[in-house]
Amino acid sequence: MHRTSRRLLLVLPVLFVASCGDDDDTTGPVNNSLVGTWDATVIQLTSVADPGTSVELISQGANGRLVLQAGGGFGLSIGVPGEPVEFGNGDWGATEVLTLEFGEGDVQGTWQFDIDLNGDTLRLTGADTEWDFDDDGVEDPAKLNLTLSRS
């Protein structure tokens, strides 16, 4: 796995930076049932070109955290063994999908996930990203899926 792939991918608890966005800057209405601190139990990337190809980072020793604030700000951090902890933050909103709009940190752009909240387990699926699945130095289109547990 390449360091640049991780940088493009995620960012989720060794170092955590949360934004202080205000309600006027959110990407949509805040779904109060999602507000809180969520620890990753699954971080999975699946190749768009070959859906049978995927990588799961938690099983490789990674850790991640997503904090969704009531004011519409979020922070995301990820720690992968042997790599510096990376982070991102910005504004979030959720209606039919969860939208994370990155404003600062190692991740740029916007991720949109389908949401499945069941008690204290949150599954986020289908965000567009990139990952170097074959370690050839070329980023491949990927889908990012997260399973998180409320802290």
Ordering of 109-117, 125-133, 66-74 by burial proxy (mean other Cβ atoms within 10 Å per residue, highest first): 66-74, 125-133, 109-117
Euclidean distance of C-alpha centroids, the range 97-130 and the range 26-69, integer Å: 7
Shape category assigned to the range 102-151 from the gyration tensor of Cα positions, a/c cut at 1.5: prolate
Gain on full stretching of the segment that runs from ASP39 to ASN118 - 0.36 nm per residue minus C-alpha separation: 27.0 nm
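Throughout, read-outs are computed from the coordinates displayed, never taken from laboratory work. Only a predicted model underlies this, so the values are computations on that prediction, with no experimental measurement involved. Virtual Cβ from ideal backbone geometry, glycine too; neighbours counted across all protein chains shown.
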